[in-house]
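Let me begin by presenting the structure, written as structure tokens, before commenting on it.
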Amino acid sequence: MKFRVFVDESGQTGITKVRSKNSPGASPYFVMGAVVCEPTSEVHLANAIAQFKKEIRKKSWKHASDLGHFEKVLLARELSRLPIRYFATISLKETLGEYKEDIDNDPHKYYNKCLKYLLEQIFGYLGPRLTSCNDVDVILEERNHDYDAMYRYLEKVKRNPLHPNSIALSKMNPFAISVMKKGEAPGLEVADFVAHAVFQCANASASNYGIPEPRYFREMVSRFAGDKSGRVLGVGVKCIHSINQVSLQLEVRKILETACAQLPSKRVS
């Protein structure tokens, strides 16, 4: 196995009733985050998480929401030093339009769609280095989800790629995607933090007085995937379907538009 991919999310998948200023509901945004590791870099990741837990004296930490602001900043800095790549997708539910009706407001299908976009990013980035469907091991955090339907959906997309980006999934084996509980693999804790860092760029809820927090993303942006010039937007971070559609505050939008990854050396991680 050449690569292991850990995937987690931030926000809720519910799309029937979405939270607004005047009514409760699921989060307006849904973000999926991923960590891509090679075998050696996964060892570095595990060591970094163990050291971080030791330093903050929270060995039971599993979710980014369990951490204080400065603990998150510290973790983001530590993760920016690892030889791995991060990916994320941002979806604003109010832009779903007729798609909500097409899927009968099914949160499972919405999750699957967002996962598809994320996997397209990852496999598109890794494409030149993949030779078979056994080169990438994808691990999701276990959740209450219809995985059989997810496998069938991803296999259908792979066999009949209606969008050019889906062609990258030719090297994916949907039925080899596995699940783990949070705490069973440090990679899932990092994926959780990646999703959280990007979610906080968009999250402007009443609880934070409408002020998003892009600090965590900015601390670790150098390790997000980027294009040949280092540009992260559209490669490491995908706004569904464009940055215009996710209605970010101007400050955050500028951060994403100018985000630059550390360019890989000859031995890319």
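The values are calculated or read from the model by the stated rules, or taken from the named source; none is laboratory data. It should be emphasised that the depicted structure is a prediction, and the values quoted were computed from it without experimental measurement. Cβ sites come from the backbone with ideal geometry, for glycine too, and all protein chains shown count toward neighbours. Surface accessibility is based on the protein's heavy atoms, side chains included, excluding ligands, DNA and RNA. Shrake-Rupley method; radii C 1.70, N 1.55, O 1.52, S 1.80 Å.
Return the total of residues in the stretch 95-154 being of a type outside the set (Val, Ile, Thr) and part of a loop (DSSP other than H, G, I, E, B). Looking only at that region, the number is 15.
Within the stretch 32-45, not a single residue is open to solvent by less than 40 Å² (accessible area, probe 1.4 Å), farther than 22 Å from Leu119 by Cβ and not polar (S, T, N, Q).
Please verify whether Glu184 is in contact (Cβ under 8 Å) with a residue 40 or more places away in the chain, out of contact with any Cys (no Cβ under 8 Å at 6 or more places or on another chain) and open to solvent by 40 Å² or more (accessible area, probe 1.4 Å), treating the condition exactly as stated.
Numbers: in contact (Cβ under 8 Å) with a residue 40 or more places away in the chain: no; out of contact with any Cys (no Cβ under 8 Å at 6 or more places or on another chain): yes; open to solvent by 40 Å² or more (accessible area, probe 1.4 Å): yes.
When the stated conditions are applied, Glu184 does not pass them.
Residues of the stretch 70-88 that are open to solvent by 40 Å² or more (accessible area, probe 1.4 Å), over 23 Å from Pro39 (Cβ atoms) and touching a residue at least 60 places away in the same chain (Cβ under 8 Å): Arg77 alone.
Scanning the stretch 191-201 for residues that are open to solvent by less than 10 Å² (accessible area, probe 1.4 Å) and under 16 Å from Leu250 (Cα atoms) turns up Val198, Cys201. Residue count for the stretch 12-40, restricted to those that are in a helix (DSSP H, G or I) and at pLDDT 95 or above: 0. Those residues that are touching a strand residue (DSSP E or B) at 6+ places or on another chain (Cβ under 7 Å), buried (at least 21 other Cβ atoms within 10 Å of the Cβ) and part of a loop (DSSP other than H, G, I, E, B), I need them from the stretch 206-260; list them, please. The answer is Ala225, Gly226, Val232, Gly236, Ala259.
Number of residues in the stretch 1-28 that are free of Cβ contacts under 8 Å to residues at least 12 places away in the same chain and either open to solvent by 70 Å² or more (accessible area, probe 1.4 Å) or of a type in the set (Phe, Trp, Tyr) (or both): the value is 3. Restricting Pro212, Pro161 to residues that are touching a helix residue (DSSP H, G or I) at 6+ places or on another chain (Cβ under 8 Å) and free of Cβ contacts under 8 Å to residues at least 24 places away in the same chain narrows the list to Pro161.
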